[in-house]
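**Q** Okay, handing you the structure first.
Read-outs throughout are calculated quantities, based only on the coordinates presented, and are distinct from any laboratory measurement. Just so it is clear, the structure is predicted and the values come from calculations on it, not from any experiment. Here Cβ is always computed from backbone atoms with ideal geometry, including for glycine, and neighbour counts include all displayed protein chains.
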Amino acid sequence: MHVHRQERIWMTFGLAMLVIFLAVITTAAVVDGFVPPSHVQSIDPTKVAQTPPFDHPGLRKVADGAYEAYYVARIFSFTPASIEVPVGSRVTFYVTSADVEHGFSIPETGVNTMVTPGWVSQVSHTFKERGTFLLVCNEYCGSGHHMMAAKVEVK
């Protein structure tokens, strides 16, 4: 079978672009520390209110400058509605849903995860500056979706 010279050039170009894209994605993943989820926690979404620590969601201090925040997403609210942490604190958020798919995002911080019923999502962030950070649901979850928000106070 004969392949024309221009076809070979375009095939070579296409394969080279594929290799370049894969190299860029792999390099970005390694440099930024992106890894696929592992050791994923599961939870019975019908028993979230009876399952520790989600039976009493809120903020817990685990060490100096380190906190764990447990959130439950429900139509159309986050529990707790507000937490307060000192500036410079590293907060690990553990979030689950008791009903439908939600989003969990704190704009301008890199905190962004999906909240799926039956799973516990985990994301961490170090709050280096003071202020009030809005926590929003960024996954459409129903007619009151636009009202679903909470806040993180950094003092």
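**Q** Can you tell me the length gained on complete extension of the stretch D32 to H146, counting 0.36 nm per residue apart and subtracting the Cα distance?
**A** 37.9 nm
**Q** Let me spell out the model: positive unit charges on the Cβ of Lys and Arg, negative unit charges on the Cβ of Asp and Glu, origin at the Cα centre of the stretch 97-155. What dipole size does that give, in debye rounded to 20?
**A** So the dipole magnitude of the stretch 97-155 works out to roughly 280 debye.
**Q** Per-residue HN-Hα couplings for the stretch 105-122, Karplus 6.51 cos²θ - 1.76 cosθ + 1.60 at θ = phi - 60°, whole Hz, x for Gly and Pro?
**A** In residue order, the calculated couplings are 9, 10, x, 6, 10, x, 7, 6, 8, 8, 10, 10, x, x, 10, 10, 8, 9 Hz.
**Q** Would you mind checking the tilt of helix 5-32 against the longest principal axis of the Cα atoms of the chain, expressed as 0 to 90 degrees and rounded to 10?
**A** The angle comes out near 30 degrees.
**Q** How do W119, W10 rank when sorted from fewest to most other Cβ atoms within 10 Å of their own Cβ?
**A** W10, W119
**Q** Note down the magnitude of the dipole of the chain about its Cα centre, charges +1 on Lys and Arg C-beta and -1 on Asp and Glu C-beta and zero elsewhere, to the nearest 20 debye.
**A** 260 debye
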